[in-house]
1. Within 10 Å, count the other beta carbons around each residue, average over each peptide in 91-104, 32-45, 65-78, and list them highest first.
2. By how many nm would the segment from Ala46 to Glu33 grow when fully extended, if each residue of separation counts as 0.36 nm and the alpha-carbon distance is taken off?
3. Any lysines with Cα under 19 Å of the Lys106 Cα? List them, leaving off those in the same chain fewer than 8 positions away.
4. Quickly work out the Asp64-to-Ser88 label distance, labels modelled 7 Å from Cα along the C-beta direction, and quote it in nm with one decimal.
5. What is the dipole size for region 28-104, taken about its Cα centre, with +1 at each Lys and Arg Cβ and -1 at each Asp and Glu Cβ, in debye to the nearest 20?
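Readers should treat all values here as calculations from the given coordinates under stated rules, not as data from a laboratory. Computed from a predicted model, the values in this text were never measured in an experiment. Cβ coordinates were reconstructed from backbone atoms using ideal geometry, including for glycine residues, and neighbour counts include every protein chain displayed.
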Amino acid sequence: MTPFSSPRFLLPAVLFGSLLFLVACSAPPGNPENGKTWYMMHNCSACHGPHGNDGKAPHIAGLDLSFDSFLRKLRSADSAIMPEFPESKVSKQDAADIYAYLKSIK
């Protein structure tokens, strides 16, 4: 048995790897106030409405999506109408703020 295959090494390695995975996949803390500003500034309200549930586009107020799913839709919308928002246009932090804003409204 090599030292790297012993249970004393494997358990901490697996726990550390799991922790890294969770941190990499989690959303940065979002600020709903900033999110409202970004939401208006990026003209999301033109289609989704000022409150995310009063426009012609799908209702997005009180999102029932994980942050990763939201970010994927934001980056590459599966719609000919919705524009894509690459990292150069909306940073991950700004996206987290918008996400927090949408989660905060009903």
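1. Details: 91-104: 20.9, 32-45: 16.9, 65-78: 14.8.
Final packing ranking: 91-104, 32-45, 65-78.
2. On the way: separation 13, 0.36 × 13 = 4.68 nm, distance 1.86 nm.
Full extension from Ala46 to Glu33 adds 2.8 nm.
3. Here the lysines satisfying the reach criterion relative to Lys106 are Lys36, Lys56.
4. Output for this residue pair reads 3.7 nm.
5. On the way: 8 positive and 9 negative charges, 14 e Å.
Dipole of region 28-104, to the nearest 20 debye: 60 debye.
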